[in-house]
Structures are given as structure tokens and as C-alpha cells.
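See structure below.
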Amino acid sequence: MDIVERVQKLLLTPKSEWETIAEEPATLHGLFTNYVMILAAIPAVSNFIGYSVIGIAQVRVPMSYGVTQMVITYALTLAFVYLLAILICSLAGPFGGQKNFLMALKVAAFAPTAAWLAGVFKIVPWLAILSIVGGLYSLYLLYLGLPVLMKTPESQSIAYIAVVALITIVLTVIIAALQFLAIPPLMRGF
């Protein structure tokens, strides 16, 4: 799998790309090392650059705190993907879908692509709000990919998507709160 080509296809032709993803063989190790670990680094590194190198109004988070926050953000993002895959797989049965952890992991690994790419806006702290657009597009990717990979009946798809989207949003808020706690108390006000 070429990561650049996969990203382009997910962003430009997501519906057909999800069908391709469903047919591809994959492993947990391969998905994490060849895709998730690379793209998940974008928002973590961008956030570090934005707050510790560029700063806001001549104020920068000290490098030690910035590195700590970057590592925490990255680790939480990797944990988020794995936890989301477990939840997607667990919820498949009640919604008439096929319980398949590897397919659930594919959804959890590829759906956040747009959000991770939009994390580059965090390099300029005033533009960080634009990363929300990537998050919304990632919810759209989830909407398209979840029923295809988990083989959910059409009558149950919308409810399944809604529950998984809600869980995704809640997990994202938890990660954001934990990231916020990594910033030194004196720096939170800017």
C-alpha cells in the first residue's frame, strides 16, 4: 500500500477506496506501522511546532513541556485507534454487522485520515481551528466506510454509524482534555 496514494484516494474517491480497503489483506502490525503511526504523527508534531517553536504573541510553551505534550498526544492517538477498533467490532453484532476485528481496525485506522492531515494547521496556533474541517470529513469517511467493512445491513447502518460517530467524538474530546492537561498551567491562558 502506497500511503500517499491511499490518502489521495480516501480524500478524493472515498466510496470506491473503502471497497478496495475491504478486499485488501492487512495485519494489525502493518496498519499501524505503515499508516497509523505515520499520519498520527502529523497533528502531534504540528502542535509541538505551533506552541513550542512558533508560539502565540511571542509566548512559547517550554520545549520540555512541548515534547511531553507531543509524546502524550501521539500515544493517545495510537491508543484511540486501537480502542475505537475494539468498540467498532464489539458494536457490530448488535447492529447486525459482522464482528471482525481486522475490518474494525481498518475503519479506525483509515477514517481519521482527513483529521490527521488537517492537524498540519496546528503549526500556526491561530489556524488550529481549521483542523475541525478535517475532523468533519473524517466523520464522513466513517459514514462511508463503516457499513462497507463491517457488513452492516442497510436498515441498521445509520444507527450503527451514529453510535460509532458519537463514541469517536467523545474519545476525541477526552484526548483533547488530556492534551490540555499536558500544557503547563501558566501557559493555558494564551
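The table for this structure:
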item: Degrees, to the nearest 10: 3-12 long Cα axis against longest axis of the chain; result: 70
item: 0 to 90° range, to nearest 10: angle between helix 101-110 axis and the chain longest Cα axis; result: 40
item: Those residues of the range 133-168 whose amide nitrogen sits under 12 Å from the label point placed on I174, 7 Å along Cα→Cβ; result: 167-168
item: Distance (nanometres) between label positions extended 7 Å along Cα→Cβ at V53 and Q8; result: 2.6
item: Relative compactness, the range 3-183, computed as alpha-carbon Rg over 2.2 N^0.38 Å; result: 1.05
item: Over 19 Å (Cα to Cα) - which of K99/K151; K9/K122; K106/K151; K15/K99; K9/K106 fall in this group; result: K9/K122; K15/K99
item: Computed magnitude of the charge dipole of the chain (debye, nearest 20; Cβ of K, R +1, Cβ of D, E -1); result: 440
item: Residues I167, I129, sorted so that the one with the fewest Cβ neighbours within 10 Å comes first; result: I129, I167
item: Segment L28-L181, length gained on full extension (0.36 nm per residue, minus Cα span); result: 52.1 nm
item: Order of M70, M150 under a 10 Å beta carbon neighbour criterion, fewest first; result: M70, M150
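Read-outs throughout are calculated quantities, based only on the coordinates presented, and are distinct from any laboratory measurement. Predicted, not measured: the structure shown is a model, and the values here were computed from it. Positions of Cβ are generated from backbone atoms using ideal geometry, with glycine treated the same way; all protein chains shown enter the neighbour counts.
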